[in-house]
Each structure stands twice: as C-alpha cells, then as structure tokens.
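Asks: One structure is given below, represented as structure tokens, and several questions about it will come after.
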Amino acid sequence: MAGLVAVAALALAAAALVEGNPQAAAYTTPPPFHVFPAPADEDDMKCLSDVKEGCSSILDMRTCLNSRDDSDVFIDKHGLIVNGQACVWCGGKACRTGAPNLCEPYDFLVNGKGKAFDDYGLGLEAIPKVASCSRRPVVMERDTSCLEVNAMGCLRIETKDVCLKSKDGLSLTWLNGMRVAGEPCIWCGGMPCTDSGPAVCAPMDWALNGEGKAFQTFNAKGHFRIAGCQNGGRIHVRHFGQPPPLPMLPFVEPVLPTWWRGPTPTNESTQCLRLLEHGCMAIRNKEVCLSSRDGRRMVSHKSGLDLYGQPCVWCGGGLCEDNDDSMCAPWNFLVYGEGNNPETSEFRNFHAKDVYTVAACKKGKLIPPGKAGWGGTRPLWVPPKPPTVWDQRCLKPIAGGCSAAQDIGTCLDSKDGGAQVKQKHGLKLAGEPCVWCGGGACV
C-alpha cells in the first residue's frame with residue numbers, strides 16, 4: 001500500500017508539470033530513505049535574505065538557514081525550481097553526488113535525484129534543515145574589534161575574565177557547519193557549556209547553534225554572557241532570554257565520589273610533551289606514553305570529548321578501561337569517559353584509578369616517568385584516601401562471597417553475600433563491596 005501511495009504522489013507531481021504548474025512539484029513525496037522537513041510557505045520566508053549567487057554558494061549553516069535562492073535560474077533544464085526556494089542545510093557535508101555543495105535550494109534537492117544528480121551525499125545521513133523564519137538559528141551580531149585573539153580557542157579557556165575579553169583565534173573556520181574562527185567567546189557561568197565535554201567557554205555560533213549537531217544539549221540557556229565591544233571598550237552582555245523549561249531527567253543512581261581524580265592538566269604542564277599523530281591509545285611503552293600528548297584532531301565517539309593536546313596517561317602496565325586493550329590513553333577520555341549509559345559513555349570502568357600516571361612538564365621540561373607520580377600533573381600531590389562509606393544500594397549479594405565472581409560485570413555489581421563468615425583475621429567480609437583485580441589474581 002505504501003508503495004502505491006508513493007507512486008500516486010509522483011504521478012500527481014508529473015501531472016502538475018504537464019499542466020504548467022511546476023511549483024506543485026516542490027511538495028511531492030521525497031525519495032525513499034531520506035526524510036525532508038516540510039517546505040516553508042511564502043509567509044514563513046519573508047524574513048529570509050535573497051542570495052544572488054544561489055543557495056549552493058553558501059558554506060555555513062547560519063547563512064544557509066537565513067536565506068533563499070535568488071539566482072538567475074528559475075526552473076532548470078530538469079524542470080526543478082531553483083529561484084525563490086528556501087535553502088536546505090545538509091549538516092556540514094555534501095548534499096549530493098557530483099558537487100561538494102553544503103547547501104542547496106529545496107525543490108532541486110528534494111526532487112533532483114535521478115534527474116540533476118545520481119544520489120544524495122553524506123550530508124543526508126541525518127535529517128536536513130530547511131530555512132524559514134520560524135526555524136532560524138540564533139544570530140547575534142557583535143562588535144569584536146577590541147577583543148583579544150586567543151590562539152588556543154575559546155573551548156580551552158578556563159576563567160571568566162579571559163573568556164569575556166577574547167575571540168576565537170583557531171585557524172579552524174567552520175566546525176559542524178558553525179563559525180569558530182573570529183567568533184566572540186561566551187562564558188557559560190562556570191558550568192560545562194554543553195554535554196560534550198567540560199569546556200566552560202565556547203565560540204558563540206558553535207555554542208548557540210550547535211545543539212543537536214555538534215552536541216546534544218547547550219547547558220547554559222538563559223544565563224550565558226557574550227564577549228563584545230562598545231565605543232572601543234570591552235563589555236559583556238548577559239543573555240536575558242527566557243530559557244525553555246528544563247527537560248524531565250530520569251532518576252540516576254548516585255555514583256561514587258571521584259576521589260581518584262587528580263588536578264586538571266594545564267597548558268604549562270603539557271607544553272613540552274610531543275604530539276603523537278596516532279594518539280595515546282596506540283602506545284604500549286611507559287616512557288613513550290609519559291612523554292606524549294594526543295595529536296588526533298577529533299572528539300571521542302560517544303561523549304564528544306576533545307582529544308587533541310590531551311596529555312597521555314599510563315595505566316600502570318595494565319588495561320586502562322574495559323572497552324579495549326589500551327594501556328595508555330588521553331587524560332580527559334579516562335577522567336570523563338566513564339559511565340553506565342552505553343549511549344553516552346565511552347566505557348564502564350576506569351581500572352587504573354589508584355595507579356595511573358599522567359605525562360607532565362615542570363618549568364618547560366619533561367618530568368621523568370620514574371618521578372611523575374600518581375596524577376603526574378602535580379608530582380607531589382597525594383591523593384586523598386577513598387571514602388570510608390560507600391553507596392551500596394545497587395549492589396547485589398553474591399552467594400559464596402566475592403571470590404565466587406569470575407567476570408568483571410558480576411564482580412562490580414556485587415557485595416559479599418557469604419553471611420556465614422562475617423570476619424576473617426579481624427577484617428570485614430560479609431556485606432563488603434567486591435573489588436575487581438584486573439583479570440589477574442588479587443592476592
């Protein structure tokens with residue numbers, strides 16, 4: 001039945017063209033396997049800017065989703081409407097085969113497969129976005145002439161004062177279709193700007209328009225501040241917009257305190273480390289690991305953590321975590337990648353919490369691996385003792401005691417259920433949380 005409906009819709013479109021009404025062809029059923037939003041009506045396009053060079057000339061999301069085509073081509077040789085069509089943004093990748101265009105006019109893209117081009121491009125793996133007045137991205141034009149160019153980029157700034165006097169100085173012009181280079185920095189109130197990492201400062205266009213593309217949630221709605229200039233002096237403007245209602249979050253079982261986290265690495269503590277193009281996780285040697293930082297220009301697969309420039313962490317000669325066999329890994333990947341949600345967590349357990357060592361520098365010189373200590377960014381820092389009271393509500397008693405567990409999942413979901421032996425050599429047994437010893441003998 002669905003096939004008959006699609007055939008009927010295409011037949012109606014063809015009939016419309018024959019009758020001299022090509023505009024009707026813009027609203028036919030899209031090709032199979034690709035979902036296009038409904039086109040904007042004329043009233044919803046009145047605010048859009050006319051682009052003389054056409055939608056296909058646009059390189060960024062903000063301009064694309066504020067524009068419609070005003071090129072000289074009204075109807076092309078395939079009968080596809082071009083002039084007057086709302087622009088469609090294809091997620092920062094090519095919309096179609098045969099051209100690298102990131103933005104195309106609506107009717108040309110929706111109905112052009114098999115006529116003007118062979119197939120859709122990688123940009124249409126996700127649902128594309130159509131320009132309209134009601135769906136425009138946030139645009140805040142700012143005077144940035146007095147701001148300092150921060151070569152590290154907004155995302156690496158950690159303090160409010162530096163963030164609100166800076167604009168992004170990275171050579172990266174676009175990221176996920178949003179502007180980065182030259183954008184004023186925004187301060188997110190001291191909390192992580194997004195759910196993709198711990199950055200508390202971010203480039204404006206990327207932060208305000210990246211939700212659902214570069215990250216899932218912009219956390220600072222309603223309370224961010226934007227760096228800017230007025231009369232030659234620096235100002236920062238607080239966003240007074242009404243934030244949307246907060247979503248209802250599912251209950252999350254309390255997690256153990258992060259007593260094992262050392263100090264956050266700084267630029268000074270990592271500047272002498274060499275960048276490894278293939279990344280920390282390819283290293284199997286302690287000396288190489290503790291003299292390196294990650295050189296991959298990428299973010300982690302699930303949690304979106306920025307890996308570039310992160311100091312490498314040596315996991316004591318054992319496995320770092322339970323999702324692969326790496327013995328060395330980037331710092332923020334290990335510190336922030338742990339979790340119980342398989343959709344957003346890189347792994348479940350960071351095995352080396354009490355034995356890991358971080359590659360680090362002191363006064364511009366490499367700290368030798370033998371002296372780098374636990375949490376190497378501060379060699380003399382002594383980790384606090386683990387908490388004496390653990391949240392054990394989610395743990396299940398295991399009959400026969402913890403020693404009966406043969407795999408990491410069972411072990412770390414359990415507490416000792418050998419009720420008949422409550423103590424041995426004066427040490428508690430019954431009710432104690434189980435400890436996984438990395439797959440080897442514990443004692």
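Read-outs throughout are calculated quantities, based only on the coordinates presented, and are distinct from any laboratory measurement. The shown structure was predicted, so the numbers you read here are calculated from the model rather than taken from an experiment. Counting neighbours? That spans all protein chains shown, and the Cβs are built from the backbone with ideal geometry, glycine included.
Asks: Of 46/213; 77/115; 129/167; 93/213; 302/362, which sit over 21 Å apart, Cα to Cα? Intermediate results must be reported in sequence, preceding the final value.
Replies: On the way: 46/213 26 Å; 77/115 9 Å; 129/167 28 Å; 93/213 12 Å; 302/362 33 Å.
Long pairs (Cα-Cα over 21 Å): 46/213; 129/167; 302/362.
Asks: What is the calculated FRET efficiency for residue 50 to residue 174, with r their C-beta to C-beta distance and R₀ = 25 Å, to the nearest 0.05? Walk me through the intermediate numbers first.
Replies: Working: r = 23 Å, r/R0 = 0.91.
Computed FRET efficiency for residue 50 and residue 174 comes out at 0.65.
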